[in-house]
Amino acid sequence: MSNDPQHESILDRAKAWLERRRRVNQLMSDFESFSAFERTAALQELGLTEDDLPRLCAGHMSSGYLDRMLEANGVAAGSLRKEDPELWSALERNCAMCQDWRQCQHDLAAHQHLDAAPAYCVNKDEIEEIRPVNA
């Protein structure tokens, strides 16, 4: 085995990907074990369709994109999570369902859009609403 940091980084990413896949498969299996009535009720409560579920379970939240986007826009993610759990859940769900997560990942890594949430962000309006005036 090599001590090359790049080699280890690739292995770490592969392990993380496999762990996420395992977690998604477990979530889907758990959900499928519900009765049809329980599945329908849960989906209605969440405002989702059955087609949304795999994407939600596979959501790219593990890297903390939402936390990072909020912090980049002057919103304390930890405080928001505690003070408004309903809003936090909605933001988290939106973020998990986002199709532009790769662009978000790239922009956050490059420290982009510190002035405002980008136009592609599914939570742009909510972030602008809760963003401190002086941020």
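Kindly establish whether residue 116 is buried (at least 19 other Cβ atoms within 10 Å of the Cβ) and either part of a helix (DSSP H, G or I) or not assigned by TED's automatic domain parsing to the domain that holds residue 45 (or both).
Working: buried (at least 19 other Cβ atoms within 10 Å of the Cβ): no; either part of a helix (DSSP H, G or I) or not assigned by TED's automatic domain parsing to the domain that holds residue 45 (or both): yes.
So residue 116 does not fit the description; no.
Do we have residue 8 as assigned to a helix (DSSP H, G or I), at pLDDT 85 or above and acidic (Asp, Glu) here? Answer is no for this residue. Quick one: what pairs do we get from the stretch 68-92, first residue at pLDDT 90 or above, second of a type in the set (S, T, N, Q) and surrounded by 17 or more Cβ atoms within 10 Å (Cβ to Cβ), C-beta under 6 Å, 6+ apart or different chains? Close Cβ pairs satisfying both conditions: 91/123.
The values are calculated or read from the model by the stated rules, or taken from the named source; none is laboratory data. None of the values given here were measured: they were computed from a predicted structure. Neighbour counts are summed over all protein chains in view; Cβ atoms, including those assigned to glycine, are modelled from backbone coordinates with ideal geometry.
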